[in-house]
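Note sheet for the following structure.
The values are calculated or read from the model by the stated rules, or taken from the named source; none is laboratory data. Note that the structure is predicted; figures quoted are calculated from it, not measured. Neighbour counts are summed over all protein chains in view; Cβ atoms, including those assigned to glycine, are modelled from backbone coordinates with ideal geometry.
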Amino acid sequence: MMDFEKAGGLIAAVVQDYETGEVLQVSWQNPEAFELTRKTGRMHYYSRSRAKLWMKGETSGHIQEVQEIRIDCDEDAAVYKVKQVGGACHTGYRSCFHRRLEPNGDLTLLEAKKLFDPAQVYAQ
């Protein structure tokens with residue numbers, strides 16, 4: 001069903017709010033993360049920087065419940081429509097896409113209020 005070979009064993013996972021269509025995050029999945037997501041109904045990813053599988057919310061509690069999965073025509077990317085519990089972004093915002101690049105090169109913060117304090121949520 002999916003072609004994991006085109007991007008070195010990974011596929012792109014675009015995650016959207018199932019009601020609004022807002023893009024919450026873009027991450028990567030290996031075959032195991034893809035299958036766990038399908039079987040559990042919760043988003044799983046492959047971290048390239050940590051070289052490990054992880055479930056969204058395993059530390060923060062901010063899970064993503066899958067409502068629908070769409071596969072692109074090349075079978076190397078998936079769009080997930082999810083119910084987001086808490087913030088999707090590890091920096092505390094609802095979406096990882098909380099800034100806009102202005103024509104002059106500046107970044108404008110679109111979401112002024114954080115949903116959570118990352119220092120508290122991810123304290124070791």
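Within the option set 24, 36, being at pLDDT 95 or above, surrounded by 13 or more Cβ atoms within 10 Å (Cβ to Cβ) and not in a strand (DSSP E or B) holds for one residue only, 36. The residue that is farthest from residue 26 (Cα to Cα), among those in the range 95-117 that are modelled with pLDDT under 95 and basic (Lys, Arg), is 113.
Put simply, of 87, 92, 57 the only residue that is surrounded by 13 or more Cβ atoms within 10 Å (Cβ to Cβ), touching a Pro at 6+ places or on another chain (Cβ under 8 Å), of a type outside the set (Lys, Arg) and closer than 27 Å to residue 109 by Cβ is 92. If only residues of the range 1-25 that are in contact (Cβ under 8 Å) with a residue 12 or more places away in the chain and polar (S, T, N, Q) are counted, the one that is nearest to residue 91 (Cα to Cα) is 25. One residue stands out among those in the range 42-55 that are touching a residue at least 24 places away in the same chain (Cβ under 8 Å) and in a loop (DSSP other than H, G, I, E, B): the one that is nearest to residue 88 (Cα to Cα), which is 43.
In the range 62-84, the qualifying residues are those that are within 14 Å of the chain's Cα centre (by Cα) and in contact (Cβ under 8 Å) with a residue 60 or more places away in the chain, and the one that is surrounded by the fewest Cβ atoms within 10 Å (Cβ to Cβ) is 83. Residue pairs whose Cβ atoms lie under 8 Å apart, sitting 6 or more positions apart in sequence or on different chains, and linking a residue in the range 29-41 that is more than 13 Å from residue 64 (Cα to Cα) to a partner that is in a helix (DSSP H, G or I) and polar (S, T, N, Q), are 29/37. Considering only residues in the range 4-21 that are charged (D, E, K, R) and surrounded by fewer than 13 Cβ atoms within 10 Å (Cβ to Cβ), the one that is farthest from residue 62 (Cα to Cα) turns out to be 5. Among the residues of the range 97-111, are any within 18 Å of residue 23 (Cβ to Cβ), out of contact with any strand residue (DSSP E or B) (no Cβ under 7 Å at 6 or more places or on another chain) and surrounded by 12 or more Cβ atoms within 10 Å (Cβ to Cβ)? Yes. Looking across the range 1-21 at every residue that is charged (D, E, K, R) and assigned to a loop (DSSP other than H, G, I, E, B), the one that is nearest to the chain's Cα centre (by Cα) is identified as 19.
It is to be established whether one or more residues within the range 88-98 are without any contact (Cβ under 8 Å) to a residue 40 or more places away in the chain and out of contact with any helix residue (DSSP H, G or I) (no Cβ under 8 Å at 6 or more places or on another chain). Yes, there is a match, as at least one residue in the range 88-98 is without any contact (Cβ under 8 Å) to a residue 40 or more places away in the chain and out of contact with any helix residue (DSSP H, G or I) (no Cβ under 8 Å at 6 or more places or on another chain).
On inspection, residue 12 fails the criterion of being modelled with pLDDT under 95, in contact with a strand residue (DSSP E or B) (Cβ under 9 Å, 6 or more places away or on another chain) and not basic (Lys, Arg).
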